[in-house]
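Reading through the structure tokens given below for one structure.
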Amino acid sequence: MSEYFLLFMGAAIVNNFVLTRYLGLCIFFGVSKNFHASSSMGLAIISIMTMSSMLTWTIEHFILLPLGLYFLKTIVFVVVIAVFVQILEMVIKKFMPTLYNVWGIYLLLVATNCVILGVPLINAEANYNFLKSTVNALGSGTGFAIALILFASLREKLQFSDVPKSIEGLGIAFILAGMLALAFQGFSGMIPL
Amino acid sequence: MNLWKEFTKGLIDENPIFRLALSLCPALAVTSNVYNALGMGLTVMFVITCNNMIVSTFRNVIHPKVRVPVYIISIATIVTVAMLTLEAFFPILFKELGIYLALVVVFAIILARAEVFAAKNKVIPSMIDGLGMGAGFTLGMLVIGTIREMIGNGSFMGYQILGSWYQPPLIVILAPGGFIVIGFIIGFMNLSEERKKQKKEKSEIAAGGTI
């Protein structure tokens, strides 16, 4: 049990997806302009990441490895995830229209993104079993959501501050992300992996 | 002349990293030293050029409704080829780049060039566009890699340049340094552009004054 807890905490905080592994920066800088959007994005990422990781694990171990097609994993993962997200979007649109109004656009934004593709690749590299890879995906998603929401709250404060004109916008956002990463650096080495 | 323009626009004016702010993940992840940055840059250049050529060759055949999946499959195939080649000939680089190499598949810049340029233009201009954008990307990676390796380790391409008196701040090579360095580079680029604009305005006013 403690093994899984450590894996979760390690993926969520110590090896944070954005701030330590630099994945999903497009979303991180694109969506973090307001708090509300970033929290829905965070939820969308957690759920899609977990589901797509389960799906790709199954495909990897029951189709790719027995047939000796392991070298095709990148192509297969990308296509499977894109199709899966597309189907999920249709289902949500049909059966849960209120949820679709809040989430719809985020689902499609996520479809081909390095955060979502990153988790299955990390799982495949570390050779995790089914439960472990699911926990890893859940932890990574949670970590991404935490970082996104923290950063969005910081950026909202930034709107009222007097920033030098040349680093206004993207420049100061990067420096701010650096400071946030510095804070997360304090967690490194907490859990030996 | 026109082709030369297609090539040079990717270097500065539409630099993928600093201007368009696309594909930032690798720009931070593998730039802690120059060698990795160069390897990644050249790989992306290869992928973007090949993909642009394929997309523009088949631009009249691909149905617009399924174009994005077709582009993604084409990119994924080329990336797999690049990965297998690197694994065979540059195993150390392959190991250092790790999962970021596979993630070239989802770089926004490659899909963006296919969609914006290659789907509408002939093969040769698309190839030049891909080369230019790839060169711009490599240039950006090299700039960030040089700054980070120089400050954080006092070396260039693995050769020690600054002497033993130099105490490198390790943080520049670690995660936070990458963000801060890119923030400052964007700031400097904006500043220089502002200066240029001001100078131009001043000279125009001066020219107007003499007449």
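The values are calculated or read from the model by the stated rules, or taken from the named source; none is laboratory data. Source: prediction; values computed, not measured. As a convention, Cβ positions derive from the backbone with ideal geometry for all residues, glycine included, and neighbour counts pool all protein chains shown.
With at pLDDT below 90 and of a type in the set (Ser, Thr, Tyr) as the only criterion, which of B:SER23, B:SER56, B:SER74 stands out?
One residue alone meets the criteria, B:SER23.
Just checking, which of B:ASN33, B:ASN52, B:ASN60 is more than 14 Å from chain A (Cβ to nearest Cβ) and either more than 30 Å from B:PHE89 (Cα to Cα) or among the basic types (Lys, Arg) (or both)?
Residue meeting the stated conditions: B:ASN60.
Considering only the stretch B:174-211, state which residues are of a type outside the set (A, V, I, L, M, F, W, C) and more than 14 Å from chain A (Cβ to nearest Cβ). Let's see the steps before the verdict.
Keep residues of the stretch B:174-211 that are of a type outside the set (A, V, I, L, M, F, W, C), which gives B:176-178, B:183, B:187, B:190, B:192-204, B:208-210.
Residues satisfying the conditions are B:LYS199, B:LYS200, B:GLU201, B:LYS202, B:SER203, B:GLU204, B:GLY208, B:GLY209, B:THR210.
Looking only at the stretch B:73-98, how many residues end up being at the interface with another protein chain (Cβ under 8 Å from one of its Cβ atoms), of a type in the set (Val, Ile, Thr) and crowded, with 19+ Cβ neighbours inside 10 Å?
1
Condition check: under 27 Å from A:LEU117 (Cβ atoms) and either of a type outside the set (A, V, I, L, M, F, W, C) or at pLDDT 90 or above (or both). Does A:GLY186 satisfy that?
Considered against the rule, which asks whether it is under 27 Å from A:LEU117 (Cβ atoms) and either of a type outside the set (A, V, I, L, M, F, W, C) or at pLDDT 90 or above (or both), A:GLY186 comes out as no.
So how many residues does the stretch B:153-173 have that are loosely packed, with under 15 Cβ neighbours inside 10 Å and within 14 Å of chain A (Cβ to nearest Cβ)?
2
The rows are residues; the columns are (1) more than 8 Å from chain B (Cβ to nearest Cβ); (2) among the aromatic types (Phe, Trp, Tyr); (3) crowded, with 21+ Cβ neighbours inside 10 Å.
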position	(1), (2), (3)
A:ALA111	yes, no, yes
A:ARG155	yes, no, no
A:GLN159	yes, no, no
A:PRO164	no, no, no
A:ALA177	no, no, yes
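Where in the stretch A:51-168 are there helices (runs of 4 or more DSSP H), lying wholly inside it, with at least 1 residues that are modelled with pLDDT of 85 or more?
Because the criterion is at least 1 residues that are modelled with pLDDT of 85 or more, the helices (runs of 4 or more DSSP H) in the stretch A:51-168 that meet it are A:73-95, A:114-126, A:130-158.
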